[in-house]
């Protein structure tokens, strides 16, 4: 596993376009240390590689997701009639990143 260092965190923060104080980086490093130790402990469990991956913490027969059923679908013209700005048959949005 790649060692998490302050430089790695600063590089990740820079790529995500934010920065933190040195104190915040130190707190985050401590949290990564705890998580790494917990993952190492889990890796030591005998036979863990033979278990199936879980997508939900317990078996559940109830389907929580509803079926998508559109009573009526809007036409492109109906959608565009509500738009503030249109360009080439599409809704024109303001630029988000400068």
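Read the figures in this text as sums done on the coordinates, not as results from a lab. Bear in mind the structure is a predicted one, so any value in this text is a computation, not a measurement. With ideal geometry, Cβ positions are generated from the backbone for all residues, glycine too; neighbour counts draw on all protein chains shown.
Key figures for this structure:
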{"read-out": "Residue list for region 1-18, filter: more than 19 Å from the chain's Cα centre (by Cα) and outside any helix (DSSP H, G or I)", "value": "1, 2, 3, 4, 5"}
{"read-out": "In region 39-69, residue nearest to the chain's Cα centre (by Cα) [restricted to those that are surrounded by fewer than 10 Cβ atoms within 10 Å (Cβ to Cβ) and either part of a helix (DSSP H, G or I) or touching a residue at least 24 places away in the same chain (Cβ under 8 Å) (or both)]", "value": "42"}
{"read-out": "Residues being in contact (Cβ under 8 Å) with a residue 12 or more places away in the chain and within 25 Å of residue 43 (Cβ to Cβ) - total across region 7-31", "value": "3"}
